[in-house]
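Beneath this line is the structure, given in structure tokens, with notes to follow.
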Amino acid sequence: MNLKTIIAIAFSCLLLLTYTRAQEKPFPDWNGRSCAVVLTYDDGLNVHLDKVIPVLDSLGFRATFYVPCNSPSLAKRLNEWRTIALHGHELGNHTLFHPCFGKSQARTWVKPEYDLDTYTMPWMIDEIRLANAFLQAIDGKKERTFAYTCGDNTIGNVSFVDSIRNDFVGARGVKAGMNPKSIPDLFDLMTYTVDGQTADELTRLVDQAIIEHTLLVFLFHGVGGEHPMNISLPEHNKLMRYLKKSEKDIWVAPMVEVSTYIRESQAKK
């Protein structure tokens, strides 16, 4: 075998190795990162202002807070909620009164006046749009996302999803799962509900999202208390530090920004 042949074979092997490594590490496509993570906090709780915002702001993370307009915290601490919106956090629509199916789903905690079993379609749509107007009066923003209360999105067995598509950029449900960038419906975004898990359990989901190049949405309620569905503050903060450590691979942003990015990316195809 002559020298030219040996050099040609070596060059071919180098090209093959380069191609293989490129296939193993595809180019990031989540705003320059391997995956996206959205932190969502439901129900407008005091702990979100007192315990969550300080750690998020210290790490430079922005999140989405789905705040029902009848939240006691919103009424008492309106200026603080306005301030976090000014700092880049999203105030997401979670309706006026957080109605859910009560009697039909044996949810005894649902007040009769907020039982979706008694709602009409116009009533629900009006409530959602009034909540949008209320939130705009707080943060001055016209674009935001929606979170289905209790994951319920029907009235009388008829979906109201299509009726609100022009009012929002996207909507989060409660079904567990990762969201691919090619997600077929931005009004059916999947999430992982946090309720008692350890940070190690949640970071495994983060690692999965990095490997699979997907959108991972976390749904928090209580953080260190104030809600039956809860994660301890140390475990929550441990997860936040893990996200910060992996920041080169993860795009952490509010739901409205990630949904807009997906929509614009899909429109370019």
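The values are calculated or read from the model by the stated rules, or taken from the named source; none is laboratory data. Quantities reported herein were computed from a predicted structural model and do not represent experimental measurements. Cβ coordinates were reconstructed from backbone atoms using ideal geometry, including for glycine residues, and neighbour counts include every protein chain displayed.
Filtered by the rule that a residue be surrounded by fewer than 19 Cβ atoms within 10 Å (Cβ to Cβ) and not polar (S, T, N, Q), region 132-151 gives 133, 134, 137, 138, 139, 140, 141, 142, 143, 150, 151.
Among residues of region 37-54 that are more than 19 Å from residue 135 (Cβ to Cβ), those with a Cβ under 6 angstrom from a residue that is assigned to a strand (DSSP E or B), sequence gap 6+ or separate chain, pair up as 37/216; 37/250; 37/252; 47/223; 51/223. Pairs are defined by a Cβ separation below 6 Å, a sequence spacing of at least 6 or placement on different chains, a first member in region 84-102 that is over 15 Å from residue 160 (Cα atoms), and a second member that is of a type in the set (Asp, Glu); the pairs so defined are 85/139; 91/139; 96/127; 102/115. Only residues that are free of Cβ contacts under 8 Å to residues at least 60 places away in the same chain and under 18 Å from the mean Cα position of the chain (by Cα) were counted in region 61-80, giving 1.
Every condition in (1) part of a helix (DSSP H, G or I); (2) over 16 Å from the mean Cα position of the chain (by Cα); (3) on the phi > 0 side of the Ramachandran plot is met by residue 150 except one, and the failing one is (2). Test residue 241 against the criterion of being surrounded by fewer than 19 Cβ atoms within 10 Å (Cβ to Cβ) and under 19 Å from residue 89 (Cα atoms), and give yes or no. For residue 241, the condition - surrounded by fewer than 19 Cβ atoms within 10 Å (Cβ to Cβ) and under 19 Å from residue 89 (Cα atoms) - is met.
When region 131-152 is filtered for residues that are out of contact with any Gly (no Cβ under 7 Å at 6 or more places or on another chain) and within 22 Å of residue 102 (Cα to Cα), the ones remaining, listed by number, are 131, 149, 150, 152.
For region 189-214, the set of residues classified as closer than 30 Å to residue 166 by Cα and either in contact with a Cys (Cβ under 7 Å, 6 or more places away or on another chain) or at pLDDT below 95 (or both) consists of 209, 213, 214, listed by residue number.
Tallying residues that are over 23 Å from residue 50 (Cα atoms), assigned to a loop (DSSP other than H, G, I, E, B) and among the hydrophobic types (A, V, I, L, M, F, W, C) within region 167-223 yields 6. Among the residues of region 132-162, just one is in contact with a Cys (Cβ under 9 Å, 6 or more places away or on another chain) and under 17 Å from residue 62 (Cβ atoms), namely 135. Residue count for region 242-269, restricted to those that are polar (S, T, N, Q) and either in a strand (DSSP E or B) or closer than 22 Å to residue 219 by Cβ (or both): 3. Restricting attention to region 58-87 and to residues that are in a loop (DSSP other than H, G, I, E, B) and in contact with an Asp or Glu (Cβ under 8 Å, 6 or more places away or on another chain), the residue that is nearest to residue 42 (Cα to Cα) turns out to be 68.
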